[in-house]
Amino acid sequence: MPAALIAGSVVVVTGSSGTAALSAEQGPYRPPFAAGKHKAEFEPNTVLVKFKPKASSSARKAAVSKYGATAEDSVASKVVKLKSDVPAPDLLKKVKADPAVELASLNYKRYISAVPNDEYYTTDQKTYLNTVRMPQAWDVSKSSGSQIVAVLDTGVDAGHPDLVGHLVPGYNAVSSTRPNPVDDNGHGTMTLGIIAAAANNGVGVAGVGWNVKAMPVKVLDANGSGYDEDIAEGIYWAVDHGAKVINMSLGGPDDNPILHQAISDAVNDGVTVVAAAGNDGSDDLQYPASYTEVIAVAATDASGSLTDFSSFGNWVDIAAPGVDILSTGPRNLTPSGYEPYWYCTGTSCSAPIVTGVAALVKNKWPALTPAQVAQRVENLARDAGPRGIDPYYGHGIVDAYAALGGKWAQDFPVNAPDGNDQPARATAISLGSVSGTINTEGETDWYKVTSDAARILTFSVTGPEFNQDKYTANFGPRLLVFNSNLSAVAGDVKAYPDFYPNTNRPIWGPLTVSVGAAVQAGDTYIAVRNDNGSRDTRSYTLTVSEVTGRSSGVLYAYPVRDVSPADLGVGAPLTSTPTVTFASDMDPARITSDTVFLQNGKTGAVVPGTVAYDAAARTSTITPNAPLTEATPYRITVTLGAFAPNSRDSGWSSVFSTVDLTPQALTVFSGSGAYLAANLSWTIPATPDLDQVIVRRNVGSKAPTPTTGTLVYAGTGTSVKNTGLAQSTTYTYAAWVVDRTGHYSPIAVKQLLGMKSGIAVTSTLINYGGAITIKGSTLRIDNLAYAGLPVNVYVRPKTSSKFTLLAALKTSSTGTLSVTHKPLVSSVYMLTFPGSESLMGTRTADVTVQVRPTISAALSPASIRLGGTTAFSGYVLPAHYGQTVYLQQYGSKVWKSIASVKLSTSGKYAFGIKPAVRGQIAYRVYFPGDADHAPAYTVNKIVTIS
């Protein structure tokens, strides 16, 4: 389809809220520009030159004058534009031969790659932002920091309320008299806003970069076009002024080495470059997108399906939504009464989404090179369309969350093949009509008509309604007819919409293409495909009828009759040995591992193997050295140059993916119990599409299921410590490997049995110098004993919180143990079982043993006369220097302290007693206790007074 049909219009928002409907009086606003397929255009009488770095100023000036040209720039500039009276191609030939010139090129014209859409909906950014998982990505990072994004486009409305504060000074490469990059077209403000519109400010729209700083560089004029000189100048200026990411939503045909060098220099300076793939709806090369240094972005709708206008080819790197992308629009170009927000459709709108993601990635990992940024953005994309890298989505649809380190999501689904992917599996038909669908990007449907004798047949293909106002993907019929040897007998034709007279408005409706062919007796093959490469699940109709007349001659040959596994097939066995059956005899010497080989569809790496050729069967067989990897896309590639005389194909490929097996169970799932915790570890088997390992637990001996019990772990690690568990409890753990399609492996189970421990002491109060026996037990919670379990007995002073190991013991056959200890101070005991590979750990409660000091007592004399005195003396062991002890007297059935002294350094004390009455009186000394020792009393002493 001609991309001129992708023309559309700006949709602006009315009212103050940004959600009101369009005014019936105003109608849609159509801007004075349109994007589409453009022929190569260049500035006449002009050549771009990049002089060699070592070329002197005089040599440069001599080269300019030698060819009768004038330099519009300083000869010291990085890119110099030369102008003369001779045609540009002639001047180019002369300049290229000059020894002072490194590169020279025509000054090609480039165009914007998108136009705004003419339909208005209420603000619906979340629809397409969810496609690339932008909200989840913002949870990871909401800033591009110092990673300035340069937008090379038509300029910007710098005063737009949704862009104020998010711009850095820019540059106008188009006009030297107007230094500010003012947007006089609208496209630049729109693409820049997709990246940099302020987020979370309650106004307008949210840019992908959330809080990004954007640099507007005007390289396109009011008509949305610009020359490579200005684009190259804009690239150099942006790099020199701190840009770290460049967005170019522009493009056109034909290579320009000067432009390529500017991009290469930018990348070498650490700048990531992103460009729109183009809106040609074809596989024609687009520049700058097709340069290898550039991330080329195709367009999808919000559901992740390739649009029919998006350019495609092996140079496409990634895809992003490009339909109805709401963004900022210049205020002065927005009709009165409307808010300055426009809807954008095209690859111009897809590229800024990827650019914003690249800026967030660069900010999170500033040391990444452009190649590493591209690798992260591309390799973590979600596969779409044919599995693996393909010409339509490249690596897939950008996944912002995964690119920023988040968990990946499942790939976008692919439709099952319809079984007629090669001539050998063509659907047999007769005269009349049959229906079919092109339900996978790039698919070809093959049909076969058998004739008893030569005759003239007409083949017609009519598609469903072609309406780009209603559908983002439409069917553009393309038809080829081949004889039994797969040599073409009728032209490679395609259909285009008609236009209303004297307007640029297309007439929407089903498109039909027809060819007539003189066929011989035998089989005639018909190949039907969608010209724009997209899929359309609506059916088309193929009609075959017999007529009289003439047809075109042989055009070219289709090189392959059959391939196995089938093209676009899924579920191929891991033991597959791919085969290619050619349509004609091949030179066996040309069938080698260099010309027929198998590649990993994701990485492009060649799969090691051998290639054999059966000349009689015309079949080449690839035998991999090892079984294929499951759930992996593969590409069978043939690069033989011309397969046969009159062949237009210089290369051929077919893709398939291997069976998605249920993941294997964990190779190892082990663990050990601890006190109130469990330590688990595992070994993950080789799983190419690993999503995560799930670990869940149940209390008791019954294993959980994937939906029951308590989630313990979900991730790609290999171990976890599960804490917060209860004592004397059995836990059963279950683990599964889960792949990206949600398949669960067989269960792996680890059980840790609950244990209980007890502790007792022979006495909780002993005298200083005495000993206790600590008795313990460790049993399973059902009282089963284990001999030889390691049990540690710990002790700490009552005044301390730190336990020290008293003894490391092992349980007896009855699960018991004991140890004797002489505590010097009041002490706390407990014992632990640390756990094992099958048993949970335990810890007993604390048991306190009080130690009281030894207090001696002597009374002399024991008998005295009234008025006489006696001495009550002794010592405290251990000595408590300075500690007060009390002399107590018994009377009226109670003990009463009557005197006190402080202990000497050796712990001695002495009291003098002079009773006031006759009779017998009992005395004792009381030690009140302290932090280390319990209270203690001496024996009672009786004094007789006469």
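The values are calculated or read from the model by the stated rules, or taken from the named source; none is laboratory data. From a predicted model like this one, the values you see are computed outputs, not experimental measurements. Counting neighbours? That spans all protein chains shown, and the Cβs are built from the backbone with ideal geometry, glycine included.
Structure above, values below:
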| quantity | calculated |
| --- | --- |
| Residues being part of a helix (DSSP H, G or I) and touching a Pro at 6+ places or on another chain (Cβ under 7 Å) - total across the range 82-109 | 1 |
| Condition met for ALA642 (over 29 Å from the mean Cα position of the chain (by Cα), modelled with pLDDT of 95 or more and in a loop (DSSP other than H, G, I, E, B)) | no |
| Qualifying residue in the range 502-509 (condition: within 25 Å of ILE429 (Cα to Cα) and in contact (Cβ under 8 Å) with a residue 60 or more places away in the chain) | no |
| Selected residue (criterion: surrounded by the most Cβ atoms within 10 Å (Cβ to Cβ)) from residues of the range 563-579 that are in a loop (DSSP other than H, G, I, E, B) and of a type outside the set (A, V, I, L, M, F, W, C) | PRO578 |
| Any hit, the range 652-674, residues being under 30 Å from THR842 (Cα atoms) and under 23 Å from the mean Cα position of the chain (by Cα) | no |
| Selection from the range 708-751 of residues that are in contact with a Lys or Arg (Cβ under 6 Å, 6 or more places away or on another chain) and either part of a strand (DSSP E or B) or within 16 Å of SER838 (Cα to Cα) (or both) | THR710, LEU711, VAL712, SER728, TYR731, TYR733, ALA734 |
| Test: ASP445 is outside any strand (DSSP E or B) and either hydroxyl-bearing (Ser, Thr, Tyr) or outside the structural domain of ASP308 (by TED's automatic domain parsing) (or both) | no |
| Residue check for THR189: of a type in the set (S, T, N, Q) and modelled with pLDDT of 90 or more | yes |
| Selection status of VAL885, closer than 24 Å to ARG796 by Cα and either touching a strand residue (DSSP E or B) at 6+ places or on another chain (Cβ under 9 Å) or not polar (S, T, N, Q) (or both) | no |
| Close pairs from the range 300-312: first over 15 Å from ASP283 (Cβ atoms), partner among the aliphatic types (A, V, I, L, M) and not in a loop (DSSP other than H, G, I, E, B), Cβ under 6 Å, at least 6 apart | THR300/LEU306; THR300/ALA319; GLY304/ILE397 |
| Tabulated pairs, the range 767-791, first on the phi > 0 side of the Ramachandran plot and in the same structural domain as LEU824 (by TED's automatic domain parsing), second of a type in the set (Ser, Thr, Tyr) and part of a strand (DSSP E or B), C-beta under 8 angstrom, 6+ apart or interchain | GLY769/THR854 |
| Candidates GLY436, GLY385, GLY419, filtered to the one that is out of contact with any helix residue (DSSP H, G or I) (no Cβ under 8 Å at 6 or more places or on another chain), closer than 20 Å to SER653 by Cβ and either of a type in the set (Gly, Ala, Ser) or part of a loop (DSSP other than H, G, I, E, B) (or both) | GLY385 |
| Residue in the range 873-880 that is surrounded by fewer than 17 Cβ atoms within 10 Å (Cβ to Cβ) and under 23 Å from TYR675 (Cα atoms) present | no |
| All positions within the range 499-549 that are in a strand (DSSP E or B) and charged (D, E, K, R) | ASP523, ARG529, ASP536, ARG538, GLU546 |
| Residues that are in contact with a Gly (Cβ under 7 Å, 6 or more places away or on another chain) and β-branched (Val, Ile, Thr), drawn from the range 864-881 | THR869, VAL876 |
| Among (1) touching a Phe, Trp or Tyr at 6+ places or on another chain (Cβ under 6 Å); (2) closer than 30 Å to THR723 by Cα; (3) among the aromatic types (Phe, Trp, Tyr) - the single one TYR937 does not satisfy | (2) |
| Residue count, the range 160-186 (criterion: modelled with pLDDT of 90 or more and of a type in the set (Ser, Thr, Tyr)) | 1 |
| Top-ranked residue in the range 185-207 [being in contact (Cβ under 8 Å) with a residue 60 or more places away in the chain, farther than 16 Å from MET248 by Cβ and more than 27 Å from the chain's Cα centre (by Cα); ranked as surrounded by the most Cβ atoms within 10 Å (Cβ to Cβ)] | GLY186 |
| Test: residue in the range 835-846 that is in a strand (DSSP E or B), touching a Phe, Trp or Tyr at 6+ places or on another chain (Cβ under 7 Å), in contact (Cβ under 8 Å) with a residue 40 or more places away in the chain and not assigned by TED's automatic domain parsing to the domain that holds GLY700 | yes |
| Tally, over the range 95-133, of residues that are among the charged types (D, E, K, R), at pLDDT below 85 and surrounded by fewer than 18 Cβ atoms within 10 Å (Cβ to Cβ) | 3 |
| Enumerated strands (runs of 3 or more DSSP E) restricted to the range 277-360, each holding at least 3 residues that are closer than 23 Å to ARG382 by Cβ and modelled with pLDDT of 95 or more | 295-300, 318-321 |
| Condition check for GLY432: out of contact with any His (no Cβ under 8 Å at 6 or more places or on another chain) and farther than 30 Å from ALA298 by Cα | yes |
| Selection within the range 777-797 - assigned to a strand (DSSP E or B) and in contact with a Phe, Trp or Tyr (Cβ under 9 Å, 6 or more places away or on another chain) | THR778, LEU779, ARG780, PRO790, VAL791, ASN792, VAL793, TYR794, VAL795, ARG796 |
| Number of positions in the range 126-181 that are aliphatic (A, V, I, L, M) and part of a strand (DSSP E or B) | 7 |
| Residue within the range 720-742 that is modelled with pLDDT of 95 or more and over 51 Å from the mean Cα position of the chain (by Cα) present | no |
| Extreme residue, farthest from the chain's Cα centre (by Cα), among residues of the range 675-705 that are among the polar types (S, T, N, Q) and in a loop (DSSP other than H, G, I, E, B) | SER701 |
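One line per residue, one yes/no per condition, for (1) buried (at least 17 other Cβ atoms within 10 Å of the Cβ); (2) modelled with pLDDT of 95 or more; (3) assigned to a strand (DSSP E or B); (4) in contact with a strand residue (DSSP E or B) (Cβ under 8 Å, 6 or more places away or on another chain):
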{"residue": "GLN850", "(1), (2), (3), (4)": "yes, yes, yes, yes"}
{"residue": "GLY867", "(1), (2), (3), (4)": "no, no, no, no"}
{"residue": "ALA871", "(1), (2), (3), (4)": "no, yes, yes, yes"}
{"residue": "LYS896", "(1), (2), (3), (4)": "no, yes, yes, yes"}
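Every residue, every condition in (1) touching a Leu at 6+ places or on another chain (Cβ under 6 Å); (2) more than 21 Å from PRO861 (Cα to Cα); (3) surrounded by 11 or more Cβ atoms within 10 Å (Cβ to Cβ); (4) among the polar types (S, T, N, Q), yes or no:
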position	(1), (2), (3), (4)
SER892	no, yes, no, yes
PHE927	no, yes, yes, no
HIS933	no, yes, yes, no
THR938	no, no, yes, yes
